[in-house]
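Undergrad: Got a structure for you, written out below as structure tokens; questions coming shortly.
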Amino acid sequence: MPGFKPEVGSSLKAEWDSITVEYSLTPPGENDKTMPKHLVGVAFAPHERVTWCVDGGSSQTTSLHPGSVFLYSSCEFVWLHSQRPSECVHMMLDPNLLSRVAAECSLSSNVEIDYRVMFADPTIVHLAQLFKSEMLNGGLAGKLYTESLTNLLAVHLLRNYSGTRISPALQDGALDTPRLSLVKDFIEEHLAENLSIADLASVVHISPFHFARAFKTATGQPPHRYITHRRMERAKMLLSITRLPVAEVAYRVGFSNQSHFTAQFRKATGTTPKGYRDSL
């Protein structure tokens, strides 16, 4: 829901391809949660004193720094008692995604993520903040954006917390000029559709993981940012040369929600679609 203002006791949940993200602002006192396998948690609120235990084991009391990260390698039941509100983001990856990315990186598809709690990882914290913002904005940035964040998280976990090594170099996935042209043409022809990274990767017959990196290397932009720019340029053209209603313009450039389109257009141009048209 765009403009959602979190209050103590509130929570949001969003399900995207290969990931479920929950944001919660829980009151002080006792709380418990079942942490599924491959859950990545980030605690944003600091605590001078928090007591917790896992699966009914012995309790521990410690301080909790803002930005503390938790990785769960198996399903666990966590109980905690805090003296102030807790603000958390929980990111639950589909195990099939990790297996798929591992296979694309020539790793065993049975790779496991390490169990670690209360540690610092700026990359994970940043990704959690981006997912949180996307939820609070009602999914404004769209499918390609959350797919990109999900892939980044999966690769980061495999590279740093699975005991394996992933080479940063792309092999067959590099996009040469002819293949980049094919992708750009496909995007122009399908701007009205809800494009995914898998759709784009299939045009040049490489994996979605390698495609996202190869596209950014070739263009300097991740796929979602490039497509958003092309959609805004197409929208400006339609607003300039047609009298189509704004809702129809939004639909023709891939937005099913007019308010999302207006927000993205304002972000890109500094004005609303109507304001842009009236200024011509």
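Undergrad: I need the full set of residues from the range 27-66 which are polar (S, T, N, Q) and either under 21 Å from the mean Cα position of the chain (by Cα) or within 16 Å of Gln83 (Cβ to Cβ) (or both), in order please.
TA: Matches in the range 27-66: Asn31, Thr51, Ser59, Gln60, Thr61, Thr62, Ser63.
Undergrad: Output the qualifying pairs, or none if there are none: Cβ atoms under 8 angstrom, residues six or more apart or on different chains, first residue in the range 206-232 and part of a helix (DSSP H, G or I), second residue surrounded by fewer than 21 Cβ atoms within 10 Å (Cβ to Cβ) and among the basic types (Lys, Arg).
TA: From residues that are part of a helix (DSSP H, G or I), the pairs are Phe209/Arg100; Pro223/Lys216.
Undergrad: Please identify the pairs in which a residue from the range 57-73 that is more than 19 Å from Tyr115 (Cα to Cα) has its Cβ atom under 8 Å from the Cβ atom of a residue that is of a type in the set (Asp, Glu) and assigned to a strand (DSSP E or B), counting only partners at least 6 apart or on another chain.
TA: Hits for this filter: Ser63/Glu48.
Undergrad: Same structure again: State yes or no: is Ile227 hydrophobic (A, V, I, L, M, F, W, C), out of contact with any Ser or Thr (no Cβ under 9 Å at 6 or more places or on another chain), under 14 Å from Val183 (Cα atoms) and modelled with pLDDT of 90 or more?
TA: On the way: hydrophobic (A, V, I, L, M, F, W, C): yes; out of contact with any Ser or Thr (no Cβ under 9 Å at 6 or more places or on another chain): yes; under 14 Å from Val183 (Cα atoms): yes; modelled with pLDDT of 90 or more: yes.
Yes.
Undergrad: From the residues in the range 107-128 that are surrounded by fewer than 16 Cβ atoms within 10 Å (Cβ to Cβ) and under 21 Å from Glu147 (Cα atoms), which one is modelled with the lowest pLDDT?
TA: Within the range 107-128, the match that is modelled with the lowest pLDDT is Ser109.
Undergrad: Is it the case that the range 39-49 has a residue that's surrounded by 14 or more Cβ atoms within 10 Å (Cβ to Cβ), at pLDDT 90 or above and not in a strand (DSSP E or B)?
TA: Yes, the range 39-49 contains a residue that is surrounded by 14 or more Cβ atoms within 10 Å (Cβ to Cβ), at pLDDT 90 or above and not in a strand (DSSP E or B).
Undergrad: Please count how many residues of the range 91-106 are out of contact with any helix residue (DSSP H, G or I) (no Cβ under 9 Å at 6 or more places or on another chain) and either at pLDDT below 80 or under 22 Å from Ser10 (Cβ atoms) (or both).
TA: Count: 3.
Undergrad: Can I ask one more? What are the residues in the range 14-32 that are charged (D, E, K, R) and in contact with a Cys (Cβ under 9 Å, 6 or more places away or on another chain), if any?
TA: Kept after step one, since they are charged (D, E, K, R), are these residues of the range 14-32: 15, 17, 22, 30, 32.
Once the filter is applied, which keeps residues that are charged (D, E, K, R) and in contact with a Cys (Cβ under 9 Å, 6 or more places away or on another chain), the range 14-32 yields only Glu22.
Undergrad: Anything in the range 236-259 that is surrounded by 21 or more Cβ atoms within 10 Å (Cβ to Cβ) and within 25 Å of the chain's Cα centre (by Cα)? List them, or say none.
TA: Scanning the range 236-259 gives Ala250, Val253, Gly254, Phe255.
The values are calculated or read from the model by the stated rules, or taken from the named source; none is laboratory data. From a predicted model like this one, the values you see are computed outputs, not experimental measurements. When we count neighbours, we look across all protein chains shown, and the Cβ atoms used for this are built from the backbone with ideal geometry, even at glycine.
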